[in-house]
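Trainee: Got a structure for you, questions after.
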Amino acid sequence: MRLDLAEGRTVEVALTSGQVHALTGSGAVRLSPAATPGRWRVAADTNKVGVVRAGRGLDEVEVRIRPKLPVARLLFLLGYARRLDWRPEQVGAEEHPDLLPALAAAFARAAERALRQGPLQGYQHREEALPVVRGRVRVVEQARRRHGLLLPVEAAFDDFTVDTAENRLLLAAARRLLRLPGVPAPTRSALRHLQTRLAGVAPLVPGRPLPAWHPSRLNARYHTALGLAEVILRGGSVELAHGPVRVDGLLVDMAAVFEDFVTAALAEALARYGLRARPQDRRHALDVAGRVRIRPDLVVEDHTGRTVGVVDAKYKAERPGGFPDADLYQALAYATALDLSEAHLVYAAGNEEPARHVVRNAGVRIVCHALDLAAEPGELLAQVERVAGEVAAGR
């Protein structure tokens, strides 16, 4: 069975008890009984888009959740926020109206470019039992494990190999995409070729953290592919193979994408005013004792290090009644704790209009901005520039 949903929308369908059980454990949708027995209201989980396959056999359900944004715009937001060296047209985003095919095609093309000069190699520290002496003999381990035997030798050495963190991430992302439904045949062929190119690279161990990599001149050609690999592996992916229900898929959290974009683009725009933006700044507290921590999306500082502004990004569904009051309370708390006379909230545009509020008896101004994510990239960045101008002027 296949369910096609739109971000933030609900459909009513007939489901078996096995399908209900599979979907409940998927983490991709919310279920509630409909008025008719055997029918259920299925809503995409808050802000999630992508594809998930849950259950087995006759109870298997494939869920596809389309974003409200055109896929090309979503990939632009992903690329800008993660500083990927790409534009959507370079990775074929316009060729695929659905998120998963577009993301898979983008990754396949970026990985192919990364591997044109051959897989990246590097030194990896290894400790193994060998038939010959290599590197340094681990004397204590040799005595403890071999009890006087000369062979095999417990050795420690540095191996120049393709089994690097960067190649492990590329291989893992390719393997993940090949398991998902909806990846076009040409992209599958490219991903299988990628697996062949990465022969000798160890697969990741399920449940363990992703291997860390650090940008450098040596791995510069990998940067775009690695950024996409992390979106695929870490950005809301789902894999649960324990118990009677298997879930496999890839989900992207639109709220996280929006917040990443706003913080990255706004930090860049504020730098032109001589201001520095600290994303997810953990140094501040609401109370004097420091027990109630706050973490605004952006804390803005001048060249002396003095806090001069605060910004929080909010990805909200359309609300005809305007901006949620709870966000205003949060912005007021940030401004009060940071001793500011102004705070800024940046929303994804819905039915709301930009607004300004002055808090009674406090004089704190809360400025609400709305970004039109459906706008062309140049216009969207121009909107961010205007927000940066208001933040800078509020000093």
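The values are calculated or read from the model by the stated rules, or taken from the named source; none is laboratory data. If you're wondering where the values come from, they're calculated on a predicted model, not measured in any experiment. We place every Cβ from the backbone using ideal geometry, glycine too, and count neighbours over all the protein chains shown.
Trainee: Please state which one of 156, 143 is touching a residue at least 12 places away in the same chain (Cβ under 8 Å) and either among the hydroxyl-bearing types (Ser, Thr, Tyr) or farther than 23 Å from residue 54 by Cα (or both).
Mentor: Values: 143 fails: touching a residue at least 12 places away in the same chain (Cβ under 8 Å).
The match here is 156.
Residues checked against (1) under 28 Å from residue 259 (Cβ atoms); (2) touching a Lys or Arg at 6+ places or on another chain (Cβ under 7 Å):
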| site | (1), (2) |
| --- | --- |
| 6 | yes, yes |
| 10 | yes, yes |
| 16 | no, no |
| 21 | no, no |
| 25 | yes, no |
| 28 | yes, yes |
| 36 | no, no |
| 42 | yes, no |
| 46 | yes, no |
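Trainee: Shifting gears a bit: For region 119-126, does any single residue satisfy the condition of being out of contact with any helix residue (DSSP H, G or I) (no Cβ under 6 Å at 6 or more places or on another chain), within 30 Å of residue 195 (Cα to Cα) and of a type in the set (S, T, N, Q)?
Mentor: The first filter runs over region 119-126 and keeps only residues out of contact with any helix residue (DSSP H, G or I) (no Cβ under 6 Å at 6 or more places or on another chain), leaving 121-126.
With the extra rule that they be within 30 Å of residue 195 (Cα to Cα), the set shrinks to 121-126.
From what's left, of a type in the set (S, T, N, Q): 121, 124.
Checked region 119-126: at least one residue is out of contact with any helix residue (DSSP H, G or I) (no Cβ under 6 Å at 6 or more places or on another chain), within 30 Å of residue 195 (Cα to Cα) and of a type in the set (S, T, N, Q).
Trainee: Could you name every one of the strands (runs of 3 or more DSSP E) located completely within region 281-391 that has at least 1 residues being over 30 Å from residue 7 (Cβ atoms) and among the polar types (S, T, N, Q)? Give the steps one after another, and end with the answer.
Mentor: Numbers: elements: 298-301, 307-314, 342-348, 355-358, 365-371.
Where strands (runs of 3 or more DSSP E) fall fully within region 281-391 and carry at least 1 residues being over 30 Å from residue 7 (Cβ atoms) and among the polar types (S, T, N, Q), they are 307-314.
Trainee: Being at pLDDT 95 or above, more than 24 Å from residue 285 (Cα to Cα) and of a type in the set (D, E, K, R) narrows it down to one residue among 376, 385; which is it?
Mentor: Details: 376 fails: at pLDDT 95 or above.
Selected residue: 385, the only one of 376, 385 that is at pLDDT 95 or above, more than 24 Å from residue 285 (Cα to Cα) and of a type in the set (D, E, K, R).
Trainee: Okay, next question. Quick check on region 154-172. Is at least one of its residues part of a strand (DSSP E or B), touching a helix residue (DSSP H, G or I) at 6+ places or on another chain (Cβ under 7 Å), not polar (S, T, N, Q) and not assigned by TED's automatic domain parsing to the domain that holds residue 218? Walk me through it before giving the result.
Mentor: Keep residues of region 154-172 that are part of a strand (DSSP E or B), which gives 154-161.
Next, from what is left, pick out any that are touching a helix residue (DSSP H, G or I) at 6+ places or on another chain (Cβ under 7 Å): 154.
Cutting the leftovers down to not polar (S, T, N, Q) gives us 154.
Remaining after also requiring not assigned by TED's automatic domain parsing to the domain that holds residue 218: 154.
The answer is yes, given that some residue of region 154-172 is part of a strand (DSSP E or B), touching a helix residue (DSSP H, G or I) at 6+ places or on another chain (Cβ under 7 Å), not polar (S, T, N, Q) and not assigned by TED's automatic domain parsing to the domain that holds residue 218.
Trainee: State which residue is modelled with the highest pLDDT when the search covers only region 341-355 and only residues that are surrounded by fewer than 20 Cβ atoms within 10 Å (Cβ to Cβ) and not charged (D, E, K, R). Step through it out loud before you land on a result.
Mentor: Initially, region 341-355 is screened for residues surrounded by fewer than 20 Cβ atoms within 10 Å (Cβ to Cβ), giving 341, 349-355.
Next cut, not charged (D, E, K, R) only: 341, 349-351, 354-355.
Values: 341: 95, 349: 81, 350: 70, 351: 49, 354: 80, 355: 87.
Of everything passing the filter in region 341-355, 341 is modelled with the highest pLDDT.
Trainee: Against the condition closer than 18 Å to residue 332 by Cα, surrounded by 11 or more Cβ atoms within 10 Å (Cβ to Cβ), in contact (Cβ under 8 Å) with a residue 60 or more places away in the chain and within 29 Å of the chain's Cα centre (by Cα), how does residue 299 come out, does it pass? Steps first, please.
Mentor: Values: closer than 18 Å to residue 332 by Cα: yes; surrounded by 11 or more Cβ atoms within 10 Å (Cβ to Cβ): yes; in contact (Cβ under 8 Å) with a residue 60 or more places away in the chain: no; within 29 Å of the chain's Cα centre (by Cα): yes.
Considered against the rule, which asks whether it is closer than 18 Å to residue 332 by Cα, surrounded by 11 or more Cβ atoms within 10 Å (Cβ to Cβ), in contact (Cβ under 8 Å) with a residue 60 or more places away in the chain and within 29 Å of the chain's Cα centre (by Cα), residue 299 comes out as no.
Trainee: Could you check region 313-335 and list, in sequence order, the residues that are buried (at least 16 other Cβ atoms within 10 Å of the Cβ), at pLDDT below 95 and either in contact with a helix residue (DSSP H, G or I) (Cβ under 8 Å, 6 or more places away or on another chain) or not aliphatic (A, V, I, L, M) (or both)?
Mentor: Result: 313, 314, 315, 316, 323, 327, 330.
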